[in-house]
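Input: a single structure, listed below in C-alpha cells.
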Amino acid sequence: MAVMPEGYREFLKELAQTLKDSKVLWNEPMSRHTSFRIGGPADLLVIPRSVEDTGRVFVECRRSGVPCYVMGNGTNLLVRDGGIRGAVLKLSPDLDGIVPTGETVLEVGAGTLLSELLDTACELELSGLEFAVGIPGSVGGAVAMNAGAYDGEIASLVSRVKVLDQEGRVFWLDRDELSFSYRESIFQHRNDLLVLGAELRMAKGKKENIRHQMEEYARRRQEKQPLDLPSAGSAFRRPPGGYVGPLVERAGLKGFSVGGARVSPKHAGFIVNTGGASARDVLQLMDVIVRRVYEVSGVILQPEIVVLGEDELPQ
Ligand SMILES: Cc1cc2nc3c(=O)[nH]c(=O)nc-3n(C[C@H](O)[C@H](O)[C@H](O)COP(=O)(O)OP(=O)(O)OC[C@H]3O[C@@H](n4cnc5c(N)ncnc54)[C@H](O)[C@@H]3O)c2cc1C
C-alpha cells in the first residue's frame with residue numbers, strides 16, 4: 001500500500017474545488033479509462049480542459065506529497081484491482097489541438113489522439129506518421145512510450161517537447177534531451193515532468209499516397225492483432241534479436257488463460273481480457289509467461305505495459 005500523507009482526502013477535496021475548468025470524478029473505476037477495461041477506482045480523476053488546471057493538480061499534489069499519476073488514453077496501462085490512491089490527471093483531446101507552425105511542422109497538444117493527428121496530417125499532405133495508424137494512444141502517451149510500429153517510431157519526428165515541471169514552469173526540451181530509445185523516453189523515469197505537447201517535423205507527401213500507406217498498415221494490424229477484445233497492446237517489449245509472439249508460442253502458451261486473462265490465440269504477444277479479467281489475472285499470466293519463456297528459450301521478457309495502483313481496496 002502507498003503510504004499517504006495524513007488528511008490527503010481533505011487535500012484532494014480542497015484541490016478539486018479550486019479547479020475552474022475540469023471534469024472531476026471521485027472513486028472513478030479505472031476500468032472505464034483503460035483499453036484493457038480493467039482497474040479499481042482512482043480516489044480522484046481529473047480531466048483538465050486548461051493548462052492552468054493541469055498545472056494546479058500536478059504542482060499542488062507534488063508539493064503536498066500526494067501521488068498524482070499522469071495518463072493519456074489509457075491504452076498501455078494496467079491498473080491494479082485496488083485502484084489508485086491519490087489523483088489521476090487524464091490528458092484528453094479537450095486540452096489542446098493541432099497547430100501548423102511551419103510548412104511541415106505541427107505543434108500538437110499532449111491529449112490529442114494519434115488517430116486525429118494522422119487524419120489531420122493526411123489532410124495537410126504531411127507524411128511520416130503513417131506507421132502509427134491503429135496505435136490507440138494520445139500524443140503525450142506516444143512521446144512518453146516512444147510508440148512505434150513497422151520500423152517507425154514517434155521519436156524520429158519529435159523535434160522538441162513542451163513540458164510542465166513540478167514547480168509549475170512550462171518550457172521546451174529538445175529532442176536530444178529526451179533520451180529516446182526503443183519504447184523509452186526520459187518521461188518514464190522523471191515523474192516530476194509532464195508532457196504538455198510536442199513539435200513534430202514531418203515531410204511533404206501526397207494525400208493519396210499517405211492514405212494508401214495508412215490503409216495498408218491498418219489492414220496488416222487487422223489481420224494479425226486481436227482487435228476485437230480489450231488489451232493494452234503488446235504485453236512485453238521486443239527482446240533484442242527476436243519477437244515476443246514466437247517465444248510465447250514456443251513456450252506452449254498461445255491461448256493459455258488465467259481467469260479472464262488470456263494469451264491471444266491470434267497473436268501470442270497480446271494478453272486479452274476475455275471478460276471480467278482482474279489485474280491479478282493479468283499479472284499472474286505475465287508471471288507464467290516470463291518464467292516459461294525463460295525456461296524454454298533463456299530470454300528474460302520485460303513488460304511493455306505500465307502497471308499502476310494497489311492490489312487491495314482501502315479498508
Ligand atoms: C490494440 C492496441 C495496439 C497497440 N499497438 C501499439 C503499437 O503498435 N506500438 C506501440 O508503441 N504501442 C502500441 N500500443 C500501446 C499504446 O497504444 C501506446 O503505448 C500509446 O503510445 C500509449 O498512449 P496513451 O495515451 O494511451 O498512454 P497511457 O496508456 O495513458 O500512458 C502510458 C504511459 O505514458 C505516460 N504518459 C501518458 N501521457 C503522458 C503525458 N502527457 N506526460 C507524461 N507521461 C505521460 C503514462 O504515465 C504512462 O506511463 C497498442 C495498444 C493497443 C490497445
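Rule-based calculations on the coordinates, nothing more; no lab input. Here the structure is a predicted model, which means the values were calculated and not measured. Neighbour counts run over all protein chains shown; Cβ positions are idealised from the backbone, glycine included.
Things worth noting here:
- GluC sites (Glu not before Pro) within the range 284-315: DSSP coil, no more than 15 neighbouring Cβ in 10 Å: 312
- Contact order normalised by residue count of the range 98-209, Cα under 8 Å, 6+ apart, percent: 35 percent
- For the range 8-90, Kirkwood radius (reciprocal of mean inverse C-alpha pair distance, Å): 12.6 Å
- Pairs from 90/254; 20/162; 23/162; 162/206 whose Cα-Cα separation, in the structure shown, is over 31 Å: 90/254
- In the range 98-209 the Cα-Cα distances spread across 10 Å bins starting at 0 as 15, 51, 28, 5, 0 percent of all pairs.
- Cα-only Debye scattering, the range 227-308: base-10 log of I(q)/I(0) at q = 0.17 Å⁻¹: -0.57
- Computed log10 I(q)/I(0) for the range 160-242 at 0.16, 0.20 Å⁻¹: -0.99, -1.06, from the Debye equation with unit scatterers placed on every C-alpha and solvent omitted.
- Lysines with Cα under 27 Å of residue 207, excluding same-chain neighbours fewer than 8 positions away: 224
- Relative contact order for the chain, counting Cα pairs under 8 Å that sit 6 or more residues apart, in percent: 18 percent
- Neighbourhood charge, 14 Å Cβ-Cβ cut-off, centred on residue 111 and excluding it, Lys, Arg +1 and Asp, Glu -1: -2
- Note on the chain: Cα-only Rg and Dmax are 19.7, 59 Å.
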